[in-house]
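Working notes, beginning with the structure itself.
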Amino acid sequence: MRLPPGLRKAASVAIAAVGIVAVWALAAAALGKPFLPGPLRTFEAFGALIRDGYLGRHALASASRVFWALAASFVPAAALGLAAGRSRRVDTFVSPLVYILHPLPKVAFLPIILLVFGLGEASKIILVGLIVFSQILVSARDSSRRVPGQLMDSVRSLGASRLDLALRVVVPSALPDLLTSLRVSLGTAVAVLFLAETFATETGLGYLIVDAWARVAYAEMYAGIVALSLLGLGFFVAVDIAERLLCPWRSYRP
Amino acid sequence: MVELRELAIDYPAGSNSYRSSERVPAVSGSSATFATGGISAIVGPSGCGKTSIVHAIAGLLSPSSGEVLVEGEPVRGVRRRTAVIFQDYGLLPWLTVEGNAALPLALDGVGRSERRRRVRPVLDELGLSAFGRFYPSGLSGGMKQRVAIARALTSEPDLLLMDEPFSSLDALTREAAQEFLLGVRRSRPLTIVVVTHSIEEAAYLAESVFVMGGRNPGVIKERFDVPENGSAIRFPIGDGPSGIADFRSAPRYLELCAAIRASLRGGGPIDDAGEPR
């Protein structure tokens, strides 16, 4: 049976998920400790938390933080990085920024960000946004440097303006790389969001998990972890769909 | 008519060089005249500066001295009616065949339906109309080549520059592409300058063959006129596929190839890489 590639991928993800749940069930049964409830109990708690709207509220808070962080950082980082890769003048300003900002673990800024931007939403969005920003900046810069010179020349020979070259050559050429690094940085972003949500907030999956932990409600804690994984998966799938729509030439099969 | 007057081109020595004022010469004191409405060829070994000359004629780089005149006008920057076909075709992977062919129109701000209307006859002429929705990655080398020609023709050029246009094609596809080019030339008034390292290709296509020699800098050193090709371009003769394929086996053609080869060798010493010194 031949499935379309999208379905085949979904099927393989589902099979992997079943495998993980099976290992989890075995480990829980073998260990028999309260801090590792089996999948069944966890899913029961998951269902209960969804029914009373508790999980939905926290998941939405986390999702919207990641979304706004992405929305605020992706385009500026991509634009700045692409410009830096193509223009020595822009790169003089961007390069030092990259070398200082990128290797630094952005999580270490959490206390500073909390002090400067307060305990509210802004500081969480800024922390996650910073991570996405630096990742996208680096890959946009590297990717736009790799645009083949002959491609630029061939479009330039048709009388393209600098703006034409940027929009018709540099951006589409870098787009697949940008989406790949978006995927990578989303993983880090969700991890850092968890940490940020354990401080000074009463919303978000990070809070839900740590709160359940403190109340020794292990099934609820695991339900939160499952929800966080699903959130990450959801963003992953969203990027896949975006790539399919934005880069149709990549999925071409003769 | 395209005229090179004592053209010299140089490049910065290494893009990361600290001493960026240091420059490497690519071409020196080269003069040539490419006749309007004909096919001219520049033939030379790799690294002799052929591509630099194409870039200078296209206005993609400015000469360090001397000048290029196209139809009497000195070239300063990209010229609207000059089309260039690059060695690897320069097609945008994210545009379909139709999108690539229509690119010059899109850059001119021509609307979508008007672009369609104007590209269709060109795609038809090149036998590409069934592949309009394909991306370049799904095409063979010979077809990519035709898309590149389609794109060039869409801009309605009077001058077509081709940099090693057939070098990555297999022998038969290459000969078909050469016939094809002759057909294109016959159907419209077009000055064509082909840069090639193939002696046979230059001798087969061009009315005038310019031989380059040397390296860093290279120089145009000799000119061969092939009036037979001139009349073949305009009037197909003989009984080959396009009427002129028999020229390849004519004694005159073989003599010409030998003469060009001798000129490329330059009678001078050959260095280790087999290139004339």
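The values are calculated or read from the model by the stated rules, or taken from the named source; none is laboratory data. Remember, it's a predicted structure, so these values are computed and weren't measured experimentally. Virtual Cβ from ideal backbone geometry, glycine too; neighbours counted across all protein chains shown. Accessible surface is based on the protein model in full, side chains and every heavy atom, while ligands, DNA and RNA are left aside. Shrake-Rupley method; radii C 1.70, N 1.55, O 1.52, S 1.80 Å.
Below, the figures for the structure above:
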{"read-out": "For the stretch B:67-176, average projected area of the Cα convex hull in nm²", "value": "7.7"}
{"read-out": "Within the accessible area of the stretch B:55-110 (1.4 Å probe), percent carbon and sulfur", "value": "45"}
{"read-out": "FRET efficiency estimate (nearest 0.05) - Cβ-Cβ, A:Thr92 to B:Ala35, R0 41 angstrom", "value": "0.30"}
{"read-out": "For residues of B:84-93, the mean tally of beta carbons on other chains within 10 Å", "value": "5"}
{"read-out": "Accessible area of chain A divided out per residue, in Å², using a probe of 1.4 angstrom", "value": "53"}
{"read-out": "Reduction of at least 30 Å² in accessible surface, 1.4 Å probe, comparing all protein chains with the chain by itself, residues of the stretch A:129-178", "value": "A:Gln150, A:Leu151, A:Asp153, A:Ser154, A:Val155, A:Arg156, A:Ser157, A:Leu158, A:Arg168"}
{"read-out": "Gain in span if fully extended, A:Ala108 to A:Ala25, counting 0.36 nm per residue against the direct Cα distance", "value": "26.3 nm"}
{"read-out": "A:Leu119 accessible area, assembled protein chains, probe 1.4 Å, Å²", "value": "110"}
{"read-out": "At least 30 Å along the helix axis (C-alpha) and Kyte average at least 1.6, DSSP helices within chain A", "value": "A:5-31"}
{"read-out": "Convex hull volume per residue in cubic angstrom - Cα atoms of the protein assembly as shown", "value": "217"}
{"read-out": "Average beta carbon contacts from partner chains per residue of B:100-107, 10 Å cutoff", "value": "3"}
{"read-out": "Portion, in percent, of the accessible area of chain A that falls on carbon or sulfur, probe 1.4 Å", "value": "72"}
{"read-out": "Sum of side-chain charges, B:Asp88 neighbourhood, beta-carbon under 12 Å (Lys, Arg +1; Asp, Glu -1)", "value": "-2"}
{"read-out": "Label-point gap, in nm, between B:Arg117 and B:Ser62 - each point 7 angstrom along Cα→Cβ", "value": "4.0"}
{"read-out": "Anchor A:Lys124: aspartates and glutamates whose Cα lies under 17 Å away (excluding residues fewer than 8 positions away in-chain)", "value": "A:Glu197, A:Glu202"}
{"read-out": "For chain A: rounded, prolate or oblate by the Cα gyration tensor [a/c cutoff 1.5]", "value": "oblate"}
{"read-out": "Residue-by-residue Karplus 3J(HN,Hα) for the stretch B:154-164, coefficients 6.51, -1.76, 1.60, Hz, glycine and proline x", "value": "4, 7, 6, x, 9, 9, 10, 9, 10, 9, 6"}
{"read-out": "Label zone at A:Ala48 (point 7 Å along Cα-to-Cβ), backbone N below 15 Å, the stretch A:187-214", "value": "A:212-213"}
{"read-out": "Rounded, prolate or oblate (a/c below 1.5 giving rounded, otherwise prolate when a/b exceeds b/c) for the stretch B:1-103 by Cα gyration tensor", "value": "oblate"}
{"read-out": "Cross-link reach list, aspartates and glutamates versus B:Lys144, counting only Cα pairs under 20 Å and skipping chain neighbours closer than eight places", "value": "A:Asp153, B:Asp88, B:Glu98, B:Asp124, B:Glu125, B:Glu156, B:Asp163, B:Glu164, B:Asp170, B:Glu175, B:Glu179, B:Glu201"}
{"read-out": "Over the stretch A:73-149: Rg over Rh, Cα atoms, Kirkwood Rh", "value": "1.06"}
{"read-out": "Global geometry of the stretch B:159-211, whether rounded, prolate or oblate, following the gyration tensor of its Cα atoms and the 1.5 cut on a/c", "value": "oblate"}
{"read-out": "Total accessible area lost when A and B pair, probe 1.4 Å, Å² to nearest 100", "value": "2000"}
{"read-out": "Potential extension, B:Val24-B:Arg265 segment - 0.36 nm per residue separation minus Cα distance", "value": "84.4 nm"}
{"read-out": "DSSP-defined antiparallel bridges as percent of all bridges, chain B, nearest 5", "value": "55"}
{"read-out": "Within straight-line cross-link reach of B:Lys50, lysines at Cα separation under 16 Å, skipping those fewer than 8 residues along the same chain", "value": "B:Lys221"}
{"read-out": "Distant-in-sequence amide H partners of B:Arg23 (H built 1.01 Å from N, under 5 Å)", "value": "B:Ala13"}
{"read-out": "Gain upon complete extension [A:Ser229, A:Ala14; 0.36 nm per residue less C-alpha separation]", "value": "76.0 nm"}
